[in-house]
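K.L.:
The structure under discussion is supplied below as structure tokens; questions concerning it will follow.
Read-outs: derived from the displayed coordinates by stated rules, not from any lab. The shown structure was predicted, so the numbers you read here are calculated from the model rather than taken from an experiment. Backbone-built Cβ (ideal geometry, glycine too); neighbour counts: all protein chains shown.
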Ligand SMILES: Cc1ncc(COP(=O)(O)O)c(C=O)c1O
């Protein structure tokens, strides 16, 4: 119980945080979600297009496997690197999907995709090392680079290039201090993808330098119009220099189960596992049993979700392109839409705030993904067509009244 006496005592002791905490960033999506929820508590109706998670239920075969695992007693600690059978299933899946032969000791299972970003940075980037990362990009990259005291070197992704990466620009950013390059395809927030040709260009730019690549492929199963995902890990000479990040959150609508993985050379995997031992011990055991079913079981639900996302993407992009001041390219993967709003004359942050507060549509400012996101908004299309249409009507009405 908080008494007056304990409150008084807390005020007496100034909070003295470690200095590194001032360098830690955040993920705005969660802040906007909280703000939207507060507006809802005041009686406002909000369409949620801010958070990046599938609105579908986890496929029932996976849920059943999880329940069975709980009843069978998978409720205890497991090995830090993950259950051997799941690591084996993932290794086989990586070989199937990327054509790279890896064994289970290349796989570390962690609670979500995010810890692989955290652990990779802790394990590889020293103070002063340079890390090249996409901007706009998933905000945790920049946050973690700063946190470990490395130098964040942004590579701008541009609409004219369909938000893929400019290889010449990358070549110009690589220095003797470059320790790590982060790639993300399909890309959050733009939906851009890297083709096999793009990847080949990137490998040429890196050459035979001893630089590691963190390849965030968490949306690899969400490519549209029949486009195939291509991983840098498949390139000659890059198996040992890649940490492949993938997981269950987006592919199998399992965000709340907390499970992802990294695939990397075994000598690095040992260190990432040690970071697991020091932080969370292991990923939940029953979750991992369900993960085996996810990887080895029926994949039809994944295809159904992808088809549905593509339908929504098409409808939402077409709708946005009819709205004054908005223009939007068709994203090639993931479930985000990233319209250019510079013709509205508003900054991204002000417009996102106004759309939430006045129009009841929660989306994210492009700047939530870095400075290069100015002039854009991010909408997640992981919501029903009905809600997406409602959002379009609201944004349209708002622009007619305010622009
Ligand atoms: C690019 C990217 N990487 C990693 C993650 C983290 O996924 P998880 O929820 O599995 O930690 C996300 C989640 O939004 C993401 O967009």
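K.L.:
If you project the alpha carbons of region 88-143 onto the principal axes, what extent comes out on each, in Å, largest first?
P.N.:
36, 23, 21
K.L.:
Sticking with this structure for a sec: For region 200-320, compute the orientation-averaged projected area of the C-alpha convex hull (one quarter of its surface), in nm².
P.N.:
Values: hull surface 40.4 nm².
Mean orientational projected area (region 200-320, Cα hull): 10.1 nm².
K.L.:
Here is a follow-up. Arrange the following residues from fewest to most other Cβ atoms within 10 Å of their Cβ: 249, 195. All intermediate terms of the calculation are to be shown ahead of the outcome.
P.N.:
Working: 249 22, 195 16.
By the 10 Å Cβ count, ascending, the order reads 195, 249.
K.L.:
In the Gaussian network model of the chain, springs joining C-alpha atoms below 10 Å, which of 114, 161, 101 carries the largest mean-square fluctuation?
P.N.:
161
K.L.:
Do you know the relative contact order of the chain, to the nearest whole percent, from alpha carbon pairs under 8 angstrom that are 6+ apart? Walk me through the numbers on the way to the answer.
P.N.:
On the way: 776 pairs, mean separation 92.3, N = 403.
In percent, rounded to a whole number, it is 23.
K.L.:
Pick from 336, 141, 13: which residue has the top mean-square fluctuation in a GNM of the chain where Cα pairs under 10 Å get a spring?
P.N.:
Among 336, 141, 13, the largest GNM mean-square fluctuation belongs to 13.
K.L.:
Just want the ordering: 328, 363, from fewest to most Cβ atoms lying within 10 Å of their own Cβ.
P.N.:
Values: 328 23, 363 28.
Fewest-to-most Cβ neighbours within 10 Å comes out as 328, 363.
K.L.:
Quick one: work out the % antiparallel among DSSP beta bridges in the chain, nearest 5. Each step should come with its number before you reach the end.
P.N.:
Numbers: 15 of 35 bridges.
The antiparallel fraction comes to roughly 45 percent.
K.L.:
Per the helix-only calculation at 222 nm, which mean residue ellipticity applies to the chain, given -39500 (n - 2.57) for every DSSP H run of n ≥ 4 and division by its residues, nearest 500 deg cm²/dmol? Mind dumping the intermediate values first?
P.N.:
Values: 13 runs with 160 residues, N = 403.
That calculation yields -12500 deg cm²/dmol at 222 nm.
K.L.:
Right, another one. Can you sort 140, 116 from fewest to most other Cβ atoms within 10 Å of each residue's own Cβ? Could the numbers behind the result be given before it?
P.N.:
Working: 140 19, 116 26.
With the fewest neighbours first, 140, 116 line up as 140, 116.
K.L.:
Tell me, Kirkwood radius of the chain from alpha-carbon pair distances, in Å?
P.N.:
On the way: mean 1/r = 0.0450 Å⁻¹.
One decimal place: 22.2 Å for the Kirkwood radius.
K.L.:
Follow-up. When ranked by the protection proxy of mean other Cβ atoms within 10 Å per residue, highest first, what sequence do the peptides 250-263, 75-88 form? Intermediate values should be presented prior to the final figure.
P.N.:
Values: 250-263: 23.5, 75-88: 18.2.
Those peptides, ordered most packed to least, come out 250-263, 75-88.
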